[in-house]
Amino acid sequence: MEIIAIGGYNEFGRNMTEVKVGDESVIIDMGIKLDRVLIHEDSDLSTMDSDELVKRGIFPDDRFVQGRVKAIIISHGHLDHLGAVTKFTDKYDVPIYATPYTAELIKAEKRYNRGFKGGERVVSVQPGEIIEVSPNIKLEFVAVTHSILHASFVALHTPEGVLIYANDFKFDDTPVLGETTDYDRLMELGQEGVKCLIIESTRVMEEERTPSEDIARKLLFDTLSKADEDSGLIVTTFSSHLQRIRSILDVAELIGRRPVLLGRSMAKYSGIGEKLGLIKMPKTTSVYGSQKAVAGILKNINSEGRENYLIIATGHQGEQDAILSRIANREFDFRIGKDDQVAFSANVIPNPMNRANRYVLETKLRIQGARIIKGLHVSGHAAREDHRYLLRVLNPENIVPCHGDLLMLSSYAELAESMGYELNKDLHLIRNGQKVVI
Ligand SMILES: [Zn+2]
């Protein structure tokens, strides 16, 4: 069995891993690097071919792919795991396997390929089903919790043993929406024996157990229920985080404000979630995706009385083209009023681009009189104690840390060493383009 690091082993983002058994191989995840997208915001990325997107550091470098690819497997619906699929699949004419919500998101993804015709190759797989993807490789998704619904561990059953790809997850027993992690199945797999674990390392340096999404819900209720009744209230968060959006909708109901979701991605993620019955929105909720619709409702809110609404908008990282930045830039017939409250239900994803964008956004909002509220957030990624627990449950023979820069990967390696693993023996640090043979 060979594990080939294609993307996400030098950085946080653009995840892509190849697993090769004999001459058959599967690719797990095809993500993009989001801050590189923002750097190139002036150019129309959808007209570029995948080689150009690789050159710009947005796509993983698939020249590292070595085997005869039999399938593409997507672990969950975040862009750093699926954003490159629609363009890359022009090259790989194979089935694309994903859990139901992820599968629908792939079909709806038009960012880099407006004419994406691979929709019929997307296969929706329920967690627990076992699918034969090639003579030597069987696929199973194991349900886990994360900051998006239908996240999964990818288990590959092969003649060389079971490989588990755990990228991304947290252990959340009160996740607001959706199922909890399938602990029973993980224990079974651990008892049967796991040959190799490929594992995210993003938050391994945090010495805690990542708190439940229910804590974020309590923070939102505690803070927003005390918001000034007669001023505007805007909350910004991840549009893909339906658990979080559900909590914000519930607060809106409690304090008697009409929730409005603004932005194309808000409409996409919540629309697909509703279609699959994953989220039920209160009757008072309205969703505005197109620029024209957003402009129209903001004009109404501005004239009718902002105190009646709770605006849920894209733009928590200060992205230039998102709704909140455009409000701050006065691009709509909507003016931030003195003492309007703008709550960030997301932390800054730490890179210089986001920090700068957020600084600009917050400053513009403050100048116009807004009060900023931060900290209404908990992470979707496992921390050190969660990782320790998973290693105890799975007891893998080999470990390959992924999804992080060298500091994150080596911090995971230190944790594994403290639990008895040995570097270059059963613990393998690899960089993009390198491989490990097990
Ligand atoms: Zn994720």
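The values are calculated or read from the model by the stated rules, or taken from the named source; none is laboratory data. Here the structure is a predicted model, which is why all the values come from computation and not from measurement. All Cβ positions, glycine included, derive from the backbone under ideal geometry; neighbour counts span all protein chains shown.
Brief remarks on what is shown
- When residues of the range 214-238 are limited to those that are touching a strand residue (DSSP E or B) at 6+ places or on another chain (Cβ under 8 Å) and assigned to a loop (DSSP other than H, G, I, E, B), the one farthest from residue 371 (Cα to Cα): 237
- Taken together, the residues in the range 118-166 that are in contact (Cβ under 8 Å) with a residue 40 or more places away in the chain and away from the ligand (no atom under 15 Å from the Cβ) amount to 16.
- Restricting the range 68-83 to residues that are more than 16 Å from the ligand (Cβ to nearest atom) and closer than 16 Å to residue 29 by Cβ, the residue that is surrounded by the most Cβ atoms within 10 Å (Cβ to Cβ) is 72.
- Candidate set: the range 167-196, residues that are of a type in the set (D, E, K, R) and within 15 Å of the ligand (Cβ to nearest atom); chosen: the one farthest from residue 23 (Cα to Cα): 172
- Candidates 413, 370, 383, 356: the one that is within 16 Å of the ligand (Cβ to nearest atom) and either small (Gly, Ala, Ser) or without any contact (Cβ under 8 Å) to a residue 24 or more places away in the chain (or both) is 383.
- When residues in the range 282-313 are screened for being in contact with a Leu (Cβ under 8 Å, 6 or more places away or on another chain) and modelled with pLDDT under 95, 1 of them pass.
- Unique match (being within 15 Å of residue 233 (Cα to Cα), of a type in the set (A, V, I, L, M, F, W, C) and part of a strand (DSSP E or B)) among 301, 311: 311
- Number of positions in the range 316-339 that are part of a loop (DSSP other than H, G, I, E, B) and within 16 Å of residue 370 (Cα to Cα): 10
- Residues located in the range 131-154, provided they are outside any strand (DSSP E or B) and surrounded by fewer than 18 Cβ atoms within 10 Å (Cβ to Cβ): 135
- Given (1) more than 16 Å from the ligand (Cβ to nearest atom); (2) modelled with pLDDT under 95; (3) in a loop (DSSP other than H, G, I, E, B), number of the condition residue 420 does not satisfy: (2)
- Close pairs (8 angstrom Cβ cut-off, 6 or more residues apart or separate chains): farther than 29 Å from residue 354 by Cα in the range 296-324, charged (D, E, K, R) anywhere: 307/229; 307/230; 307/257; 308/257; 308/258
- Any hit, the range 347-367, residues being over 30 Å from residue 400 (Cα atoms) and part of a loop (DSSP other than H, G, I, E, B): no
- Residue in the range 289-296 that is farther than 17 Å from residue 176 by Cα and assigned to a loop (DSSP other than H, G, I, E, B) present: yes
- Restricting 86, 47 to those that are more than 16 Å from the ligand (Cβ to nearest atom), in contact with a helix residue (DSSP H, G or I) (Cβ under 7 Å, 6 or more places away or on another chain) and not assigned by TED's automatic domain parsing to the domain that holds residue 322 reduces the list to 86.
- Among the residues of the range 105-130, just one is surrounded by 16 or more Cβ atoms within 10 Å (Cβ to Cβ), in contact with a Lys or Arg (Cβ under 7 Å, 6 or more places away or on another chain) and modelled with pLDDT of 95 or more, namely 122.
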